[in-house]
Structures are given as structure tokens and as C-alpha cells.
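Every read-out reported here was derived from the displayed coordinates using simple, explicitly stated rules and does not represent laboratory data. If you're wondering where the values come from, they're calculated on a predicted model, not measured in any experiment. Positions of Cβ are generated from backbone atoms using ideal geometry, with glycine treated the same way; all protein chains shown enter the neighbour counts.
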Amino acid sequence: MDVAYKKLDKRINSGDIDSMELTTIPNIILTRSCDPISVEDLRAGKYEKLIASMEKAMIKYKGVGLAANQYGKNLALFIIDKKLADVNNVPSVFANPEITEYGRENDVLEEGCLSIPGFWHPVKRSKKIMFKALDSEGNKIKFRARGMLARVLQHETDHINGKTIKDRGQK
Ligand SMILES: [Zn+2]
């Protein structure tokens, strides 16, 4: 769900824009579980610069979410689109994400990924989840998510666990 627009995806493939700041498959960093982040480091603002750079990159490439390992850092940290976060009244930065419950109902939607240019794939996911993480200030947060938010959180949490939509082959 990182790329919302196929048009942009084509531009990446044709080399019109520089996507080098993002990691793409088969980079091994995308297949590894990311290192957890400490509350102390978050509180000390250690990742503020990284988060700001990731936000710039996500906007530049019109992503809906971006995980740190897609940006070359093996850290359990991801961001989501600020509008999507605001609409759902949740933060847009998450560390050490965990999905603690998957709802029984699923749906299937075609997803793309900034790390897999040119690949679009129907992915089955839970419509509702319970999500747990730390926010950018190190506070513990837990909330129920549904719809688009639930899908994006599942996609990005997959990245943190070393998985991509290529590992989610359901139709
Ligand atoms: Zn992705």
C-alpha cells in the first residue's frame, strides 16, 4: 500500500525519478525482522531526523506508509500518511508494532509496494485488527483499526517482520 498510483509506479520503472533512497527487493534488509527500538531512545528524540526524512520520502513517492527498512534502516519503525492518521485519530509514527488480534472477516484488495516497483498483487487481510506499538514519544498505545487503516498497518507491520506482499499470496 505504499504506492497509491500506478502512474507513479511506471515513472519509477522508467527511471524518470530517482528511487535510490528507497530499498527495493531483493535487498536482504527487506527479509529480516527489524531491531526493536527503546523507549529511552524515542524519548531522547534519537529518531526525529530519520522520521522527518522518511516523511519526506513517503510524500515524494506518494506512499501511504513507509517502514524504516524500506529506507535502509533495520529498525522497527514505520510511518503512515498523516491524513489517514488524522481521520482515524491515531498517531502517524509507530515503533515496535504488533498486531495482537486479527478479526475473522477478511477482504482482498490489490496492493503495491515502493520496494517492489511494478508489482501489484491482490492481498487478503483482516478487515479489523487490534494494534499495539509505541508512538514517537515512547508512549505505549493500543487501538482497534479497521478498513484502510487496518490494511496499511498490516502491510507496514509485515515489513517490520521481514515480509512483503510477495509473501502474501492469497487471492
Ligand atoms: Zn510495502
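Brief remarks on what is shown
- Whenever a residue of segment 146-166 is in contact (Cβ under 8 Å) with a residue 60 or more places away in the chain, its partners that are in a loop (DSSP other than H, G, I, E, B) and charged (D, E, K, R), lying with C-beta atoms within less than 6 angstrom and at least six residues away or across chains, give the pairs G162/R32.
- If you go through segment 125-153 and keep only what is among the hydroxyl-bearing types (S, T, Y) and not in a strand (DSSP E or B), you end up with just S136.
- Only one of the numbered conditions (1) more than 17 Å from M58 (Cα to Cα); (2) not in a loop (DSSP other than H, G, I, E, B) is not met by E156, and that is (1).
- If only residues of segment 36-61 that are basic (K, R) and assigned to a helix (DSSP H, G or I) are counted, the one that is farthest from I80 (Cα to Cα) is R43.
- Filtered by the rule that a residue be buried (at least 18 other Cβ atoms within 10 Å of the Cβ), in a strand (DSSP E or B) and within 16 Å of the ligand (Cβ to nearest atom), segment 71-116 gives L75, L77, F78, I79, I80, F94, P97, I99, E111.
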